[in-house]
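J.: Below is the structure I would like to discuss, written out as structure tokens.
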Amino acid sequence: MTKIIDGKKVSADIKEEIKIEIEKITESGQRAPGLAVIIVGENPASKVYVNSKAKTCNALGMYSEKHVLDAEITEEELLKLIEGLNNKEKIDGILVQLPLPKHIDEDKIIEAIKPEKDVDGFHPINLGKLVIGKNGFKSCTPYGIMELLERYEIDLNGKDVVVVGRSNIVGKPLGIMLTKANATVTICHSRTKNLSEKTLNADIVIVAIGREKFLTEDMVKKGAVVIDVGINRDASGKLCGDVDYENVSKKTSLITPVPGGVGPMTIAMLMKNTVKSRMEKI
Ligand code: NAP
């Protein structure tokens, strides 16, 4: 019978651990970790994410700042704000909610964040460190997936893992993390030929593409582990992933639901990275 990987529960456990760590920091007379979140424009999904990040910070006893900027703000103004936060003592992490309006160069903004405060793990320095196995910030969604696999004691050693999606924030860093954990990784994308053949042979399939019900029952072998990263809305507006959960879950040994799987882990790992940043200064 399939077992559900409960990201909500695991993320709650991680947040509880973080809360204790923060209490230890403040009880020793040191300041709490601080996170600055920047949002540009009125994207409703981004607003929800930013508010929930700020709420989580407060619940864990962290200091947080929310910078809500007009969609018309210039790139220079945004860069100036980041520079100020880079130099602000009580800020350990800076997060710029993506996507940004088209007139702002996202790469330039990411690169403006000090790598030591890049708790999203998107800066080329942190991605480079990940590639060569040095200590840096790991991008939160793949980091959260690795944590889920570990806490559910899913053995990766020598396992065949297929990752569908090759974005800089999910697929690529995840491929590196899985390889480091001794899995044999195949990264697939929109130009991959015979995708089903690849997913059918995999012990673990991870889908991060943003297409509702993309991974179907006939694409997965019996007993496989399936991780669904996608966040989509179906025709009725209900949140759903990239996996046809109802049918795929009949074949899997373990599977993440949407919502309640990978999603809650991303915020938990962001908090973990912010505490890591603070600890490195103590
Ligand atoms: P992205 O930047 O749009 O990248 C999508 C990837 O999927 C690309 O590599 C693309 O291939 C591939 N792809 C698209 N259609 C495909 C197809 N038919 N067959 C095979 N590959 C295909 O997306 P992303 O930012 O990684 O996000 C992916 C999904 O995860 C979205 O639903 C997003 O909302 C969700 N997400 C969730 C979290 C979370 O916290 N749970 C965090 C981040 C993202 P090409 O490279 O060839 O174009």
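J.: Quick one: how many residues across the stretch 241-259 are more than 10 Å from the ligand (Cβ to nearest atom), in contact with a strand residue (DSSP E or B) (Cβ under 8 Å, 6 or more places away or on another chain) and either without any contact (Cβ under 8 Å) to a residue 40 or more places away in the chain or not assigned by TED's automatic domain parsing to the domain that holds Ile169 (or both)?
T.: 4
J.: Next question. Here's a check for you: in the stretch 203-219, which residue that is under 24 Å from the mean Cα position of the chain (by Cα) and more than 14 Å from the ligand (Cβ to nearest atom) is nearest to Val164 (Cα to Cα)?
T.: Filtering the stretch 203-219 for residues that are under 24 Å from the mean Cα position of the chain (by Cα) and more than 14 Å from the ligand (Cβ to nearest atom), the one nearest to Val164 (Cα to Cα) comes out as Ile204.
J.: List every residue pair whose Cβ atoms sit under 6 Å apart, with the two residues 6 or more apart in sequence or on different chains, where the first one lies in the stretch 200-226 and is free of Cβ contacts under 8 Å to residues at least 60 places away in the same chain and the second, anywhere, is among the hydroxyl-bearing types (Ser, Thr, Tyr) and surrounded by fewer than 19 Cβ atoms within 10 Å (Cβ to Cβ).
T.: Partner pairs satisfying both residue conditions: Met219/Ser196; Gly223/Ser253.
J.: Of Ala54, Ala32, which residue is in contact with a helix residue (DSSP H, G or I) (Cβ under 9 Å, 6 or more places away or on another chain) and either surrounded by 14 or more Cβ atoms within 10 Å (Cβ to Cβ) or closer than 23 Å to Val229 by Cα (or both)?
T.: Sole residue among the options that is in contact with a helix residue (DSSP H, G or I) (Cβ under 9 Å, 6 or more places away or on another chain) and either surrounded by 14 or more Cβ atoms within 10 Å (Cβ to Cβ) or closer than 23 Å to Val229 by Cα (or both): Ala32.
J.: Would you please list the contacts, defined by Cβ atoms under 8 Å and residues six or more apart or on different chains, that run from a residue in the stretch 158-169 that is among the hydroxyl-bearing types (Ser, Thr, Tyr) to a residue that is not in a strand (DSSP E or B)?
T.: Ser167/Ala208
J.: Right, here's the next one. Might you let me know whether the stretch 53-74 holds any residue that is modelled with pLDDT of 95 or more, part of a helix (DSSP H, G or I) and of a type in the set (S, T, N, Q)?
T.: yes
J.: Please give the strands (runs of 3 or more DSSP E) falling wholly within the stretch 108-227 in which 2 or more residues are in the same structural domain as Ser253 (by TED's automatic domain parsing) and surrounded by fewer than 22 Cβ atoms within 10 Å (Cβ to Cβ).
T.: 184-188
J.: Would you pick out the residues in the stretch 35-47 that are part of a helix (DSSP H, G or I) and crowded, with 16+ Cβ neighbours inside 10 Å?
T.: Answer for the stretch 35-47, where residues must be part of a helix (DSSP H, G or I) and crowded, with 16+ Cβ neighbours inside 10 Å: just Ser46.
The values are calculated or read from the model by the stated rules, or taken from the named source; none is laboratory data. Here the structure is a predicted model, which is why all the values come from computation and not from measurement. Cβ atoms come from the backbone with ideal geometry, glycine included; neighbour counts cover every protein chain shown.
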